[in-house]
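Heads up: the structure comes next, in structure tokens.
The values are calculated or read from the model by the stated rules, or taken from the named source; none is laboratory data. Keep in mind the model is a prediction, meaning the values are calculated, not measured. All Cβ positions, even for glycine, are placed from backbone atoms using ideal geometry, and neighbour counts span all protein chains on display. Calculation scope for accessible area: heavy atoms of the full protein, side chains included, ligands and nucleic acids excluded. Shrake-Rupley method; radii C 1.70, N 1.55, O 1.52, S 1.80 Å.
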2 protein chains.
Amino acid sequence: MKIGYIGLGLMGKPMARNILKAGFPLVVHNRSRESVHELVQDGAEEAYRPSEVAEKTDIVFTNLPNSAAVESVVLGKDGILESARPGQIFIDNSTIEPESARKIAAELEKAGVKALDAPVSGGQIGAIDGTLTVMVGGDAGALEIARPVLNAFSKKITYIGLSGCGQIAKCANQIMVAAQMVALAELLIFAKKSGADPEKVTQAISAGAAQCWTLDHKPARIFNGELTPGFKSAMMLKDLSIVVDTARAYGIPIPSAALDAQLYASMIETGDGHLDNSAVFRVLERLAGIEILK
Amino acid sequence: MKIGYIGLGLMGKPMARNILKAGFPLVVHNRSRESVHELVQDGAEEAYRPSEVAEKTDIVFTNLPNSAAVESVVLGKDGILESARPGQIFIDNSTIEPESARKIAAELEKAGVKALDAPVSGGQIGAIDGTLTVMVGGDAGALEIARPVLNAFSKKITYIGLSGCGQIAKCANQIMVAAQMVALAELLIFAKKSGADPEKVTQAISAGAAQCWTLDHKPARIFNGELTPGFKSAMMLKDLSIVVDTARAYGIPIPSAALDAQLYASMIETGDGHLDNSAVFRVLERLAGIEILK
């Protein structure tokens, strides 16, 4: 099985590298060529257009910033669809709108290509270590064929349902992650301003019903002044924008996630978009006129 | 060391029973007498007024519904303060306003009594099993004296700081728990209405960055149709009201927790206050015009 990977960014590059390490022959393409050359040095084959990747491989992956980019790479000029052939499998690791995933799958279906929307969770560290969580929508048979390749970069693969369902699960994931981040921000400000040590408070509550990944991992970094990502606030806003747009399209009430999106939008406006998504407490610091670490 | 326990409700009764089981002589009082008689059968001594409990014991616990009730039992007619003597320790296991805890501690201090605000987390099951988490504010020396008694009903005791700090930690705990419950509600509705199986979605996301106590424990119950508490929505609204009132008093921005309080208020209005706090998805079902389990 020959694999193609298009989109060698923060996530795509280490994921592609893990596919290569697992022993699959790999063809790579990226708009900026530097990461292409890195992977060529690791043993990958270089391609210059998405259509060229599709021409040379059995399974084509994409990992791109947004719906428009994926649609362009699949359906546009020199796109994957131009060289697609029946029996091929297309797997998108990007986080994009569920509706876009469904549209792409429907177009590829006409050419006999099975599509999977397979967004991931676990961040750059998970991509490097090969411990990502993959949420899969689309053709279940195609998933079974592609599973050994997905295993190269993940520790957990869950099949959710038809096309778009992987993206819906990713939206659900980000609804919960953002809620935890904002709640952490609120409780830090709450503790500080009402007269308790915010760090001791997070230690006290982390073992009970409030336990969560965010409380387990973020307070130690925050109190150490480490606000580098992790997962960038700007990316969280991007993901929450997909959530909000999808909710609007389907008439879904998400009052809290919509509020969270507003808070992350405020982070971008105040120049904090490059910080970790746990740094959303800085928005509340401005509203409260205090600093947690002082 | 002779112990007193006032307030033998859903939480207080099993906590008092665990103190008794640990071998401490115990004097109990409760407005309704039935639970007093139960504990007398277990070996406790009966008292008829808070002042009588204080007269007979070295450490007096309270576990009552709200700030007004605790203030009345401590500072009111026939209250603890009437019989208080220097060296005594007062421990409040109720969830009340941090300001009220501080006021009570200041009044008791004048009589030489050391006060601890020591709200708990872990629900009725934790109270019965003796596995509660205790968040403590107040006199650190008094905590060391009382620790063997607290150990009778808890698995983790964290000292946070001066009077009120235990209540602040409890507020922080409820900010996070409510955020998880509301996020779970939103993502269930989101998945259902955009076309994915909500149960599979919760399974897919529970191992990654979205992991939390709520995702670990609640979806299985919800998809089994079990909405009995656990922890009642009406109690969550009570706790969030303390959060909102305290935030107003101190000028603390808690946009998300304030929204969560509104959603729980809506549950009470629509007759769902007796259900588990995870049933907040029913508010969104009404807004969305769908049912998750259908």
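Below is a table of values for the structure above.
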item	result
Estimated dipole of chain B in Debye, rounded to 20 [Cβ of Lys and Arg +1, of Asp and Glu -1, Cα centre]	280 debye
Farthest positive-ward along region A:3-163 dipole, Cα basis, beta-carbon charges - from A:12, A:65, A:153	A:153
Net +/- balance of residues flanking residue A:98 in space, Cβ distance below 12 Å, scoring K and R +1, D and E -1	-1
Antiparallel bridges, percent of DSSP beta bridges restricted to region A:3-163 (to nearest 5)	15 percent
Square roots of 5 times each gyration tensor eigenvalue, C-alpha, region B:35-120, largest first, Å	20, 15, 11
Pair residue B:46, residue A:109: separation of 7 Å Cα→Cβ label points (nm)	7.4 nm
Quotient of Cα Rg and 2.2 N^0.38 Å for the protein assembly as shown, N being how many residues it contains	1.11
For region A:75-108 and region B:185-219, distance of Cα centres in Å	26 Å
Fraction of beta bridges assigned by DSSP in region A:74-187 that are antiparallel (%, nearest 5)	30 percent
For the protein assembly as shown, calculated [θ]222 nm from helices alone, where every DSSP H run of n ≥ 4 adds -39500 (n - 2.57)	-16500 deg cm²/dmol
Kirkwood hydrodynamic radius of chain A, from inverse mean 1/r over distinct Cα pairs, in Å	20.0 Å
Kyte-Doolittle mean at least 0.0, axial Cα span of 15 Å or more - DSSP H helices of chain B	B:165-194, B:233-250, B:255-269
Fraction of alpha-carbon pairs over 19 Å apart in region B:3-163 - percent	47 percent
Share of Cα-Cα pairs in region B:169-288 lying beyond 23 Å, as whole percent	28 percent
Area of residue B:235 that stays accessible when all protein chains are in place (1.4 Å probe, Å², to 10)	80 Å²
Lysines whose Cα lies under 17 Å from that of residue B:193, excluding same-chain neighbours fewer than 8 positions away	A:170, B:294
Accessible surface, 1.4 Å probe, highest first, among residues B:75, B:150	B:75, B:150
With DNA, RNA and ligands ignored, accessible area of residue B:213 (1.4 Å probe; Å², nearest 10)	70 Å²
Orphan Cys of the protein assembly as shown, criterion: no other Cys C-beta under 4.7 Å	A:165, A:171, B:165, B:171
Listing of region A:230-260 residues, each with accessible area lower by at least 30 Å² in the full protein assembly than in the chain alone (probe 1.4 Å)	A:250, A:252, A:253, A:255, A:256, A:259
Cα-centre dipole for region B:148-241 with unit charges at Cβ (Lys and Arg positive, Asp and Glu negative), debye to 20	160 debye
Where B meets A: accessible area buried, both sides, 1.4 Å probe, Å²	5100 Å²
Neighbouring partner chain Cβ atoms per residue of A:284-294, average, 10 Å criterion	2
Low-density loop positions, chymotrypsin sites (Phe, Trp or Tyr not before Pro), region B:34-119 - DSSP coil, at most 12 other Cβ in 10 Å	B:48
Solvent-accessible surface ranking, highest first, for B:282, A:49, A:31 at 1.4 angstrom	A:31, A:49, B:282
Accessible carbon and sulfur surface of region B:3-163 relative to its total accessible area, %, 1.4 Å	53 percent
Aspartates and glutamates with Cα under 12 Å of residue A:218, excluding same-chain neighbours fewer than 8 positions away	A:199, A:226, A:276
Debye, to nearest 20: dipole size of region A:84-239, +1 on Lys, Arg Cβ, -1 on Asp, Glu Cβ	80 debye
